[in-house]
Amino acid sequence: MKKGTRNLIALTVILGAAAGLGWMIFDRVQESTAPAQKRDSRGPTPVEVAEIVRGSMEWRRTFSGTLESPSRLVVAPKISGRIEKLAVDLGDSVTRGQIVAWLDDAESVQAVHLAKAELEVARAKLVEAKSALEIAARRLTRMEKLRRRNVASVSEFDTVQAEHLGKEAQVEVSGAQVSRAEAALKTAQIRLGYTRVAANWANGGGHRVVGDRYVDEGETVSANDPLISVVQLDPVLAVIFVTEKDYVQLKPGQEASLVTDAYSGERFRARIHRISPVFRQNTRQAKVELRVNNPKHRLKPGMFIRATVVLDRVKDATMVPEQALTRRNDQDGVFILKPDGRTVAWRRVRVGIREGGRVQVEGEGLSGRVVVLGQQLVDDGSRVTIPPAQDSLPSTGGEAHGT
């Protein structure tokens, strides 16, 4: 075969293959741009529908967290000593100002007795100094009279006057010694009071509970060694951590409910109490505290909880089943069954709150029934067929009542 003939055959084969490929592409494009018409040529598309209802909806999010006490006080002595008595144990109720421990006070009692004795000595010296001052004052008075009559010399007068001034100074010194002795006695009494260890807190409820006990009777402790910890149980705090996406939806006062494994099926009411203004760098989450009333002390610090927070609430929302949402041309929408019950219409929607398998939608012409199964096979104006059981349902819409 000649070279020109072989080239002609090859060119013919290439052109034929290109033509066949082009026809296939054109056919696919035609099929994708007009799916409804092709399907219509094969008859109505079977679909399932559901009622579009109106009612209240809530947007909720559930977070995991832990219960904590809003206040925890570690009770410790201010002085060292041996524990003679510990009046409370784990789980006991404690009132504000209650004495919870006594330390060995023998040395402190003796120090108070010694301080009292030194105070009595100082007071006696003050009385003695005042008496000596009175005597010196009388001598000075007599000397002044003698001096005015020129009976006493100048040197004798100066001697008596100097003695009087010395007695005045002695009274001042004795008075200062009394003040010092009184202060020493007060210090000894304060230290004696430190042998009785009390549970004092600045504010909050009048009753709290012993959360931990760190020592036993008979042990010797140093100053500031912990004896017990006292925690507040009513109210308690539920601590959760949220991401930036949820953070902007939260604010103090929002309602929430808690569940815990300890009380399966029971919910406890709560409210957001405080929100941290800072995100943790390692987790990129912010701390949120929820206040939970706990009058019976059923909830305990350290329990694992799941907190459901109501982020938003809509009283009159248009709701469709979540599976009815369809995406066409990067737009959210639904297919509405027309009043004739045989064709559908595309309605673009704005998606809102999702709750319990339903979703809030906003848009024009949202009433009647919506396609929930088979909407991927239809387009605007497509003919459809629905099961007889659904065909007998009214298409006027309905109402739903949320929580």
Members of the stretch 141-168 found to be under 13 Å from K125 (Cα atoms) and aliphatic (A, V, I, L, M), listed by number: none
Residues that are surrounded by fewer than 18 Cβ atoms within 10 Å (Cβ to Cβ) and among the aliphatic types (A, V, I, L, M), drawn from the stretch 45-75: V53, V74
Some residue of the stretch 217-227 being buried (at least 17 other Cβ atoms within 10 Å of the Cβ) and over 30 Å from G81 (Cβ atoms): no
Qualifying residue in the stretch 305-322 (condition: at pLDDT below 95, closer than 30 Å to D92 by Cβ and not in a strand (DSSP E or B)): no
Conditions (1) among the aliphatic types (A, V, I, L, M); (2) at pLDDT 85 or above; (3) within 38 Å of the chain's Cα centre (by Cα): number failed by A202: (2)
Search result, residues across the stretch 170-208 that are part of a helix (DSSP H, G or I), among the aliphatic types (A, V, I, L, M), without any contact (Cβ under 8 Å) to a residue 60 or more places away in the chain and farther than 18 Å from V121 by Cα: I190
L299 at pLDDT 90 or above, surrounded by 15 or more Cβ atoms within 10 Å (Cβ to Cβ) and within 29 Å of E266 (Cα to Cα): yes
Top-ranked residue in the stretch 302-333 [being more than 13 Å from E58 (Cβ to Cβ) and hydroxyl-bearing (S, T, Y); ranked as surrounded by the most Cβ atoms within 10 Å (Cβ to Cβ)]: T318
Complete set of residues in the stretch 335-370 that are more than 44 Å from the chain's Cα centre (by Cα), outside any loop (DSSP other than H, G, I, E, B) and closer than 18 Å to Q323 by Cβ: F335, I336, L337, V344, W346, R369
K85 under 37 Å from the mean Cα position of the chain (by Cα) and in the same structural domain as P226 (by TED's automatic domain parsing): no
Considering residues of the stretch 114-158 that are under 30 Å from R191 (Cα atoms) and exposed (fewer than 14 other Cβ atoms within 10 Å of the Cβ) only, the residue nearest to the chain's Cα centre (by Cα): L114
Output for the stretch 52-87, where each listed residue is closer than 30 Å to R354 by Cα and either of a type in the set (A, V, I, L, M, F, W, C) or without any contact (Cβ under 8 Å) to a residue 60 or more places away in the chain (or both): I52, V53, M57, W59, F63, L67
Qualifying strands (runs of 3 or more DSSP E) (wholly inside the stretch 69-129; at least 1 residues being touching a helix residue (DSSP H, G or I) at 6+ places or on another chain (Cβ under 9 Å)): 81-86
E355 being farther than 30 Å from L258 by Cβ and either among the charged types (D, E, K, R) or out of contact with any strand residue (DSSP E or B) (no Cβ under 9 Å at 6 or more places or on another chain) (or both): no
Hits in the stretch 312-334 - residues which are over 41 Å from the mean Cα position of the chain (by Cα) and of a type in the set (K, R): R328
Any hit, the stretch 276-287, residues being surrounded by 11 or more Cβ atoms within 10 Å (Cβ to Cβ) and among the small types (G, A, S): yes
Subset of the stretch 294-337 (residues that are without any contact (Cβ under 8 Å) to a residue 12 or more places away in the chain and of a type in the set (K, R)): K296, R327
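The values are calculated or read from the model by the stated rules, or taken from the named source; none is laboratory data. Just so it is clear, the structure is predicted and the values come from calculations on it, not from any experiment. Cβ coordinates were reconstructed from backbone atoms using ideal geometry, including for glycine residues, and neighbour counts include every protein chain displayed.
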